[in-house]
Amino acid sequence: AQSVTQPDIHITVSEGASLELRCNYSYGATPYLFWYVQSPGQGLQLLLKYFSGDTLVQGIKGFEAEFKRSQSSFNLRKPSVHWSDAAEYFCAVGARNTGTASKLTFGTGTRLQVTL
Amino acid sequence: SQTIHQWPATLVQPVGSPLSLECTVEGTSNPNLYWYRQAAGRGLQLLFYSIGIGQISSEVPQNLSASRPQDRQFILSSKKLLLSDSGFYLCAWSKGFGANVLTFGAGSRLTVL
């Protein structure tokens, strides 16, 4: 079965500083990988996804993530954080060729706090 | 464009009372539909998914049930709520098969007292 680990429960960064959120997955083959962001009391919004091809993927709001097969990782990065980036971030993994629905497995999330 | 609606946004219910959360999708046909629950510090847990009218798959045994009476309507229900049913419930939809992108609703916060 697939699983996702987000080792950092809470991260605080200063506005303008760089950010890296860690995500490690467990899956027997090359998975589909996603990063979602959730503002307090809201649903989840897709930031970016990796399906195949270039291992460095660009997303919305200036975020990017790199798929590293050898490390089973899909870390999220942003070169300069804005105060509006404060939110909870979820990494998710999905199996290929399930033939049915998109049964994604989510990590427990990383809460990002941005100080001014 | 497609939109997804959930209601009610907030619900406070006594233990033992029934529950009905509704989710509808607009702007697409034959979507795959999902119910997730988010408990504090525990990420998202897939509860149910549906690939068509009347077709419901349950991921975890629990006190809840789901129904899909229409193509773009997904309902989460309980006959008697437990304290442990408290949480943030998210409906989502996707198109096609395989691990496609999920689009989430704004969520329903349920507090059972």
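The values are calculated or read from the model by the stated rules, or taken from the named source; none is laboratory data. Small disclaimer: the values here were computed from a predicted structure and weren't measured. Cβ sites come from the backbone with ideal geometry, for glycine too, and all protein chains shown count toward neighbours. Quick note on the areas: whole protein, heavy atoms, side chains included, nothing else; ligands and nucleic acids left out. Shrake-Rupley method; radii C 1.70, N 1.55, O 1.52, S 1.80 Å.
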Grab the other residues whose beta carbon is less than 12 angstrom from that of A:Phe90, score K and R as +1, D and E as -1, and report the net.
-> +1
Solvent-accessible area per residue, Å², over region A:29-116 with all protein chains present [probe radius 1.4 Å] | 44
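Rank by packing, highest mean first: peptides B:16-22, A:74-80, with packing defined as the count of other Cβ atoms within 10 Å averaged across residues. Walk me through the intermediate numbers first.
Values: B:16-22: 14.9, A:74-80: 17.9.
Ranked by mean Cβ neighbours within 10 Å, highest first: A:74-80, B:16-22.
Note down the net charge around B:Ser50, summing +1 for each Lys or Arg and -1 for each Asp or Glu among other residues with Cβ under 14 Å from its Cβ.
Details: positive: A:Lys103, B:Arg68, B:Arg72, B:Lys95; negative: B:Glu22, B:Glu59, B:Asp71.
For residues surrounding B:Ser50, the net value is +1.
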Largest to smallest accessible area among B:Thr10, B:Thr111 [probe 1.4 Å] | B:Thr10, B:Thr111
Distance-filtered residues of region A:12-54 - backbone nitrogen under 17 Å, label point 7 angstrom along B:Val60 Cα→Cβ | none
Per residue value of the accessible surface for chain B (all protein chains in place, 1.4 Å probe), Å² = 46
Mind checking A:103-116 for the average number of partner chain beta-carbons within 10 Å of each residue's beta-carbon?
-> 3
Mind grabbing the accessible area of B:Leu44 for me, 1.4 Å probe, Å², rounded to tens?
-> 20
The answer for the net charge of residues other than B:Ser17 whose Cβ lies under 10 angstrom from its Cβ, with Lys and Arg +1 and Asp and Glu -1, is +2
Accessible carbon and sulfur surface of region B:1-50 relative to its total accessible area, %, 1.4 Å = 50
Set of lysines with alpha-carbon distance to A:Lys68 below 16 Å, sequence-local pairs under 8 removed = A:Lys49
Sticking with the crude label model, points 7 Å out along Cα→Cβ, report the distance from B:Val15 to A:Ala1 in nm, one decimal please.
-> 2.8
To the nearest 10 square angstrom, what accessible area does A:Ile60 show with a 1.4 Å probe?
-> 70
Using a 1.4 Å probe, how large is the accessible area of B:Asp71, given in Å² and rounded to the nearest 10?
-> 40
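Classify region B:61-113 as rounded, prolate or oblate, taking a ≥ b ≥ c as the square roots of the eigenvalues of its Cα gyration tensor: rounded when a/c is under 1.5, otherwise prolate if a/b is larger than b/c and oblate if not.
Details: a/c = 2.35, a/b = 1.76, b/c = 1.33.
Prolate, because a/c is 1.5 or more and a/b exceeds b/c.
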